[in-house]
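All remarks here apply to the structure that follows.
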Amino acid sequence: MSEKDELVKQEILKEAQKLFRQYGCTKTTMEDIAKAAGKGKSTLYYYYKSKDEIFDEVVCREIEDVFCSVKQEVDKLESAEDKLRTLCYTKFKILQEKANLHNVIKGDIEANF
């Protein structure tokens, strides 16, 4: 995939992430994502088969961000005790920041269960 394609995908994911956080997966449409990213729906379907595929990738990015942030903080320290303390603190802090996304996802799951 070319660098241009990667940039387009990143923009789509960035805008989709904002919409999923605000409205949830169920209420967000491919048209909403396309409009927010400044692309046509056909462009979205060129890169992704469905909204669920975009959602999966957004969630994977969120998880990867948590792991990377925790690893960066833990790698700065020497002792096992400090590393463990920092691991717990950093993970908790990041998860608090992402709690809104969790609530949106939980609401979508409950609404469609």
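Go through 27, 18, 4, 35 for me and flag whichever is open to solvent by 80 Å² or more (accessible area, probe 1.4 Å) and modelled with pLDDT of 95 or more. Testing whether each residue is open to solvent by 80 Å² or more (accessible area, probe 1.4 Å) and modelled with pLDDT of 95 or more leaves just 35.
Count, please, the residues in region 10-51 that happen to be among the acidic types (Asp, Glu) and touching a residue at least 24 places away in the same chain (Cβ under 8 Å). Quick ask: steps written out before the conclusion?
Keep residues of region 10-51 that are among the acidic types (Asp, Glu), which gives 11, 15, 31-32.
Narrowing further to those that are touching a residue at least 24 places away in the same chain (Cβ under 8 Å): 11.
Qualifying residue count, region 10-51: 1.
Could you tell me whether region 96-110 includes any residue that is at pLDDT 85 or above, assigned to a helix (DSSP H, G or I), open to solvent by 80 Å² or more (accessible area, probe 1.4 Å) and more than 21 Å from residue 1 (Cα to Cα)? No, that holds for no residue.
Based on what the data block shows, is residue 74 out of contact with any Asp or Glu (no Cβ under 6 Å at 6 or more places or on another chain), open to solvent by less than 90 Å² (accessible area, probe 1.4 Å), modelled with pLDDT under 90 and in a helix (DSSP H, G or I)?
yes
The values are calculated or read from the model by the stated rules, or taken from the named source; none is laboratory data. These numbers were taken from a predicted model, which means no experiment stands behind them. Neighbour counts are summed over all protein chains in view; Cβ atoms, including those assigned to glycine, are modelled from backbone coordinates with ideal geometry. Just the protein is used for accessible areas: all its heavy atoms, side chains included, with ligands, DNA and RNA removed. Shrake-Rupley method; radii C 1.70, N 1.55, O 1.52, S 1.80 Å.
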